[in-house]
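To start, the structure itself, in structure tokens.
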Amino acid sequence: MGTLTGFTPGTSGLHYPNSWPSEPDVKIATPFGSIPIGDASNGLCGGMAFAAADLFVAKRQPPETNQNPPADSPAFDYIVRRLIDSFNIPAGVAEYYEWMVLGREDVGFGLVIHGTSYRTVEEELPKLRKAIDKGTPCPLGLILVNSTNPMDLGKNHQVLAYAYDDNGGTTTVSVYDSNVPDTEVTITFSTAHPERGTKFSYSGNEAEVFGFFTVPYHPADPSALFDAKVRA
């Protein structure tokens, strides 16, 4: 069992939901004018997960408001920047796609291709335990779709793990999920025979989870989160 002392979604996570109007994530200035990139209405879950981690590392409480910061505010821009960081471009996007096309079970004889279950239990779970045991929040990429269509990449999700509990052959991971703020969310699964495929029980919603991997994280200053004023 391991946990980040003092971290709960209700005290350490952002209190507003991952629900945003249709606004460009980023506007890039060019000689031809400002070009919008992305759409916030698709979600900023990775940025919000990284923001919660940044706050914890900085030993700061999140803003008290449950109102999302508006576009063109420093707080919104900060969350977008952290979203881009969470993608770990280009390797991170490729990793999501690699996991999306895999099945749960291992396949092959001799040269085995490990499925999402084996990779989660045998490769990623030890990384999660190590991070939390060191006192570091652990962002996770949740694979919520099995597809070869790159357009489905946006159907996946990111959360922030802050605790794990190994009980016999069952592990429960506790996460902050920006889709359900101030709510304790868990991922529970068997660690026995992952090569045969594992069912992940996710309390956040009814989404089917095929597995998860740890996302590289480096802290950033979260001060901009506290400035939600629209720039003049």
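A short reminder: the numbers here are calculations on the coordinates, not readings from a lab. Keep in mind that what you see is a predicted model, and the values were worked out from it rather than measured. In this analysis, Cβ positions are derived from the backbone assuming ideal geometry, glycine residues included, and neighbour counts consider all displayed protein chains.
Some points to look at:
- The label-point distance for residue 151 and residue 136, in a model that sets each label 7 Å from Cα toward Cβ, rounds to 3.8 nm.
- Computed packing ranks the peptides 42-49, 122-129 as 42-49, 122-129, most packed first, by mean other Cβ atoms within 10 Å.
- Annotation: amide H-H contacts under 5 Å for residue 158 (H modelled 1.01 Å from N, sequence separation of 5 or more, or interchain): 46, 142.
- Against the empirical curve 2.2 N^0.38 Å, the C-alpha radius of gyration of the range 59-192 lands at a ratio of 1.19.
- Dipole size of the chain about its Cα centre, with +1 on Lys/Arg Cβ and -1 on Asp/Glu Cβ: approximately 340 debye, rounded to the nearest 20.
- Prolate/oblate/rounded label for the range 136-182 (Cα gyration tensor, a/c 1.5): oblate
- Both radii are taken from the alpha-carbon atoms of the range 39-105; with Rh as the Kirkwood radius, Rg/Rh is 1.07.
- Reducing the range 148-221 and the range 93-126 to their Cα centroids gives an inter-centroid distance of 15 Å.
- Each Cα pair under 8 Å and six or more residues apart adds its sequence gap; the mean of these over the residue count of the chain is a relative contact order of 28 percent.
- In the calculated pair-distance distribution of the chain, the portion above 33 angstrom amounts to 17 percent of the Cα-Cα pairs.
- Restricting attention to the chain, close to 100% of DSSP beta bridges with both partner residues there are antiparallel.
- Computed FRET value (nearest 0.05) for residue 127 with residue 226, which takes r as the C-beta separation and R₀ as 35 Å: 0.65
- Rounded to 10°, Cα long-axis angle of helix 74-87 versus longest principal axis of the chain: 30 degrees
- Selected from 43, 13, 230, residue furthest toward positive end of dipole (the chain; charges at beta carbon): 230
- Report summary: the helix-based calculation at 222 nm, which adds -39500 (n - 2.57) for every DSSP H run with n ≥ 4 and divides by the residues of the chain, gives -6500 deg cm²/dmol.
- Highest mean first, the peptides 186-195, 7-16 sorted by other C-beta atoms within 10 Å per residue fall in the order 7-16, 186-195.
- Cα→Cβ-extended label distance, 7 Å offset, between residue 186 and residue 8, nm: 1.5 nm
- The packing ranking, built from the mean of other Cβ atoms within 10 Å per residue, places the peptides 140-148, 199-207 in the order 140-148, 199-207, highest first.
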